[in-house]
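Note sheet for the following structure.
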Amino acid sequence: MVAKSELKFIKRLHQKKYRNQEGLFLAEGPKVVGEFLEAGWQPRMLYSVNPENYPDAQAITPTELDKISTLVQPNEVLGVFPVPDIGKPVLEGWSLALDGVRDPGNLGTLIRLCDWFGIPQLLCSQDTVEAYNPKVVQAAMGSLARVRVHAVELPEFLRTCGLPAIGASMEGEAAPGLAFGKEGILVMGSESHGVSAQVREHLSATVAIPSHGKAESLNVAMAAGILLYELRR
């Protein structure tokens, strides 16, 4: 049995206000929790309906897990992890920046793309969804354990960072012909609004993915995957 006060505390972490207040977030399921544990993250609390699989976990009943889970179908194990202090963004190599990406599923997928293509940090505008939102954590499938996510004032950051910034745009240079160079920041906006005018002011260049059909646009994660592939070729 888990104390009611503990269950209540964890339930509060479903809300951004309390995640910020406590500096904690939730991860659920063997895959996601396992990735954090394997990467050396130390959970503040760890609960499992199968504690024999997790030596440091406290036993929890399926009913109790259902009460604190953010998932429609709770999945065996839940960890409460501290939000890490990752310091300031590193101004070298390539980074991905997001401008106004509000969908948690998209952000989670973008974190996975950074992990796949070896992009160590992700820069998020203030109006991009929070990285430790439970839906983002689940969609990232454990990649959040390896990618640093910074919330920044994006226009000001691009103005002062000293790195070239290349923004995705329908009017940009075709991706296969653009020389990305050895370092910089690839900037992606939302599918509906693109890169904002305030951010566009600080771009060194724009890049486009040529269309050969009639679709009006690409999902931001889809587009980022194509451009990151071009960047790493």
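Values quoted throughout were computed directly from the atomic coordinates according to the rules given, and no laboratory measurement underlies them. Not measured: the values here are computed from a predicted model. Heads up, the Cβs are rebuilt from the backbone with ideal geometry, glycines too, and the neighbour counts pull from every protein chain shown.
Just from its helices, what would the mean residue ellipticity at 222 nm be for the chain, if runs of 4 or more DSSP H residues each count -39500 (n - 2.57) and the sum is divided by every residue, rounded to the nearest 500 deg cm²/dmol? Mind showing how you got there, number by number?
Working: 9 runs with 76 residues, N = 233.
Calculated from helices alone, the mean residue ellipticity at 222 nm is -9000 deg cm²/dmol.
Let me make sure I get this right: for the stretch 1-48, a, b and c are the square roots of the gyration tensor eigenvalues over alpha carbons, sorted descending. Under 1.5 in a/c it's rounded, otherwise prolate if a/b > b/c, else oblate. Which is it?
oblate
Could you compute the FRET efficiency for ASN219 and GLN21, with r as their C-beta to C-beta distance and R0 at 41 Å, rounded to 0.05?
Working: r = 33 Å, r/R0 = 0.81.
In this case the efficiency is close to 0.80.
In terms of the Cα gyration tensor, with a ≥ b ≥ c the square roots of its eigenvalues, is the stretch 4-82 rounded because a/c is under 1.5, prolate because a/b exceeds b/c, or oblate? Mind showing how you got there, number by number?
Values: a/c = 1.64, a/b = 1.15, b/c = 1.43.
Oblate, since a/c reaches 1.5 and b/c is not below a/b.
Using only the alpha-carbon atoms of the stretch 94-232 as identical scatterers, what base-10 log of I(q)/I(0) does the Debye formula give at q = 0.12, 0.19 Å⁻¹?
Values returned for q = 0.12, 0.19 Å⁻¹ are -0.41, -1.09.
Taking neighbour counts of Cβ atoms within 10 Å as a proxy for exposure, in what order, fewest first, do VAL136, VAL83 appear?
Values: VAL136 23, VAL83 14.
Least to most surrounded, the residues fall as VAL83, VAL136.
Name the lysines eligible as straight-distance cross-link partners of LYS17: C-alpha to C-alpha under 26 Å, and not fewer than 8 places from it in the same chain.
Within reach: LYS4, LYS8, LYS67, LYS88, LYS135.
Provide the three semi-axes, in whole Å and in decreasing order, of the ellipsoid equivalent to the chain as defined by the square roots of 5 times the Cα gyration tensor eigenvalues.
Details: eigenvalues 268, 57, 49 Å².
Its equivalent ellipsoid spans semi-axes of 37, 17, 16 Å.
Once you've got the GNM for the chain with C-alpha springs shorter than 10 Å, pick whichever of GLY79, GLY87, GLY167 has the biggest mean-square fluctuation.
GLY87
Antiparallel DSSP bridges in the chain: what percent, to the nearest 5? Mind showing how you got there, number by number?
Details: 10 of 33 bridges.
Roughly 30 percent of the DSSP beta bridges within the chain come out antiparallel.
Need one number: nm distance between label points at LYS88 and TRP116, each 7 Å from Cα along Cα→Cβ, rounded to one decimal.
Taking the simple label geometry, LYS88 and TRP116 are separated by 3.3 nm.
Check cross-link reach from LYS31 to the aspartates and glutamates: straight Cα distance under 15 Å, and skip same-chain residues fewer than eight apart.
GLU76
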